[in-house]
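*Asks:* Take a look at the following structure, please.
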Amino acid sequence: MSRIVLHNYFRSSTSYRVRIALNLKGVAYDYVAHHLRHGEQRNPAFLAVNPQGLVPTLVWSDGTVITQSLAICEFLDETIPEPPLLPADPAGRVHVRALAQMIACEIHPVNNLRVLTELRRRFGADASAIADWFGHWVSETFEPLESILASHRLTGRFCHGDVPGLADICLVAQVANNARFGVDMTRYPTIARIDAACLELPAFADAAPMRQPDAE
């Protein structure tokens, strides 16, 4: 059986999500780094694996290529059921998916490296303008997310009860990105509390960007 390979980049929040999921599932993998700022994701060898040239890309032990972080996480959950990343009941599952997608579908698409690079290239945005843009789109989702988590009856130590799952994976990766852009997390005490609880777990802490072999 071939080794599992994760194509990723230490600072990519979507790669961070998948590293957490792999750690939670106890999956060993080969770490292949692609420096996004140097354009290594556009090398022909990687494009032959993923024509989008995006990380993360997971190559499973049978050669199956899986892209998109949430799809990878759900693949892992279906392939390795324990510990689960989603609750057993339909209402719980849809709640966790909705929380995860608030981050993955509302914040990340407008704040990823490609978008920020285009803001600089096309409109001459400087570091201050980029930070303002980033913070605006975080607040657009984190304000309602904070309200939901603070008031929902099923919020526990983590986003849904006392077991970490898919929503927590997305939350932790986003909070790490927020720190790079100076987002004030005191506005989001419930989110900050959950983030801290997650980072007490080795599966989350060991996946952190600065603990990766390509960290700089």
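*Asks:* Which ³J(HN,Hα) values in Hz, rounded to whole numbers, follow from the phi angles of region 185-191 under the Karplus curve 6.51 cos²θ - 1.76 cosθ + 1.60, where θ = phi - 60° and Gly and Pro get x?
*Replies:* Running phi through 6.51 cos²θ - 1.76 cosθ + 1.60 with θ = phi - 60° gives 7, 5, 6, 10, x, 5, 4 Hz.
*Asks:* Take the alpha carbon atoms of region 116-216, find their radius of gyration, then divide it by 2.2 N^0.38 Å using N residues; give the quotient. Display every interim value, and only then the final one.
*Replies:* On the way: Rg = 15.2 Å, N = 101, 2.2 N^0.38 = 12.7 Å.
In units of the globular-protein estimate, region 116-216 measures up at 1.20.
*Asks:* I've got another one for you. Helix-only estimate, please: 222 nm mean residue ellipticity of the chain, summing -39500 (n - 2.57) across DSSP H runs of length 4 or more and dividing by its residues, to the nearest 500.
*Replies:* On the way: 10 runs with 110 residues, N = 216.
That comes out to -15500 deg cm²/dmol.
*Asks:* While we're on this one: Could you give the length gained on full extension between H35 and L47, defined as 0.36 nm per residue of separation minus the Cα-Cα distance, in nm? All intermediate terms of the calculation are to be shown ahead of the outcome.
*Replies:* Values: separation 12, 0.36 × 12 = 4.32 nm, distance 1.40 nm.
The span from H35 to L47 would gain 2.9 nm if fully extended.
*Asks:* On to the next question. Strictly greater than 22 Å: what percent of every Cα pair in region 27-124 meets that? Kindly include the intermediate steps, with their values, before the conclusion.
*Replies:* Values: 2125 of 4753 pairs.
Looking at region 27-124, the distances longer than 22 Å represent 45 percent of pairs.
*Asks:* Compute the FRET efficiency between F123 and A88 as 1/(1 + (r/R0)^6), taking r as their Cβ-Cβ distance and R0 = 35 Å, and round to the nearest 0.05.
*Replies:* 0.15
*Asks:* What trypsin sites (Lys or Arg not before Pro) in region 116-160 are in a loop by DSSP, with at most 12 other Cβ atoms within 10 Å of the Cβ? Display every interim value, and only then the final one.
*Replies:* Values: sites: R120, R121, R122, R153, R157; in loops: R153, R157.
Filter output for region 116-160: R153.
*Asks:* Next question, about the same structure. So for region 7-83, what percent of the C-alpha to C-alpha distances run longer than 14 Å?
*Replies:* Numbers: 1718 of 2926 pairs.
Of the Cα pairs, 59 percent sit more than 14 Å apart.
*Asks:* Scan around G161 for amide H atoms under 5 Å from its own, H built in the peptide plane at 1.01 Å from N, and keep only partners 5 or more places away or cross-chain.
*Replies:* Amide H to amide H, under 5 Å and 5 or more residues apart or across chains, G161 pairs with T155, G156.
*Asks:* What are the extents of the Cα atoms of the chain along their three principal axes, in Å, largest first?
*Replies:* 49, 49, 27
All of the numbers you see were taken from the coordinates with simple rules; none came from a lab. In this text the structure is predicted, and so the values were computed from the model without any measurement. Don't worry about glycine lacking a Cβ; one is built from the backbone with ideal geometry, like all the others, and counts go over all protein chains shown.
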